[in-house]
1. Any chance you could count how many residues in the range 80-103 are in contact with a Leu (Cβ under 6 Å, 6 or more places away or on another chain), closer than 22 Å to residue 10 by Cα and open to solvent by less than 10 Å² (accessible area, probe 1.4 Å)?
2. If you go through the range 123-138 one residue at a time, do you hit one that is closer than 13 Å to residue 40 by Cα and surrounded by fewer than 22 Cβ atoms within 10 Å (Cβ to Cβ)?
3. Do we have any residue at all in the range 40-50 that's open to solvent by less than 10 Å² (accessible area, probe 1.4 Å) and in contact with an Asp or Glu (Cβ under 8 Å, 6 or more places away or on another chain)?
4. Yes or no: residue 195 β-branched (Val, Ile, Thr), over 30 Å from residue 49 (Cα atoms) and either at pLDDT below 95 or open to solvent by 20 Å² or more (accessible area, probe 1.4 Å) (or both)?
5. How many of the residues making up the range 145-172 are open to solvent by less than 30 Å² (accessible area, probe 1.4 Å) and either within 21 Å of residue 79 (Cβ to Cβ) or free of Cβ contacts under 8 Å to residues at least 24 places away in the same chain (or both)?
Amino acid sequence: MLKVELHTHTGDDPIDTIPHSTLDLIDRAADLGYDAVAITLHEKQLDLRRFEAHAAERDIVLIPGVERTIEGRHVLLLNFRRGADEVVTFADLAQLKSRERGLVIAPHPFFPHATCLGGDLERHADLFDAVERNAMYTRAVDFNRRAERWAAAHGKPVVGNGDVHRLRQLGTTYSLVDAAPDADAICAAIAAGRVQVESQPLS
């Protein structure tokens, strides 16, 4: 089983101010025993080629991705070869999925924020391959529970993600994926449901 993080931001993010670099994230992930990390900047898919040698030295598989705002809602698009950072509507997303292989994840879908999917997850259920359990929760307050009920009702796998904006967020919630250490294999395994979530509430 591979220890995997699928929702991270770095100092290359064009929207949020993030204090750590992409190299810092890779190093911290390696320290914590991760096998693969997706870099999912807001609106922009980062060119990972300049980081691949550094990651390979630390036995980290990098997965390309983007946290795209689609009709006002955040959606994680992972491992699409091209076109992911051009999607602006759910119709665009459907076209992307019809021509490219990749993984679509619903991040923090029922958190109380205008950019979270909410009812759009139900309206476009067929476009999503997995649903996120987000690390931002406590024992008393957990907006993930509705997402997990939705996933169970629709036969979708759940992945654990840190939504990492600060390095200290890495490691409390993550995915264990039954796959070879390769981006295509990891995404295919998640879509097939060969994933389990490890998660601890924030104190």
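1. So the count comes out to 3.
2. So the first thing to find is which residues in the range 123-138 are closer than 13 Å to residue 40 by Cα, and the list is none.
Within the range 123-138, none of the residues are closer than 13 Å to residue 40 by Cα and surrounded by fewer than 22 Cβ atoms within 10 Å (Cβ to Cβ).
3. We begin by selecting, within the range 40-50, every residue open to solvent by less than 10 Å² (accessible area, probe 1.4 Å); these are 40-41.
Filter once more, so that each one left must be in contact with an Asp or Glu (Cβ under 8 Å, 6 or more places away or on another chain): 40-41.
Checked the range 40-50: at least one residue is open to solvent by less than 10 Å² (accessible area, probe 1.4 Å) and in contact with an Asp or Glu (Cβ under 8 Å, 6 or more places away or on another chain).
4. Working: β-branched (Val, Ile, Thr): yes; over 30 Å from residue 49 (Cα atoms): no; either at pLDDT below 95 or open to solvent by 20 Å² or more (accessible area, probe 1.4 Å) (or both): yes.
So residue 195 fails the test.
5. Total satisfying the criteria: 9.
The values are calculated or read from the model by the stated rules, or taken from the named source; none is laboratory data. Values in this document were obtained by computation on a predicted structure and should not be read as measured data. With ideal geometry, Cβ positions are generated from the backbone for all residues, glycine too; neighbour counts draw on all protein chains shown. To get the accessible areas, we keep the full protein, side chains included, count just its heavy atoms, and leave off ligands, DNA and RNA. Shrake-Rupley method; radii C 1.70, N 1.55, O 1.52, S 1.80 Å.
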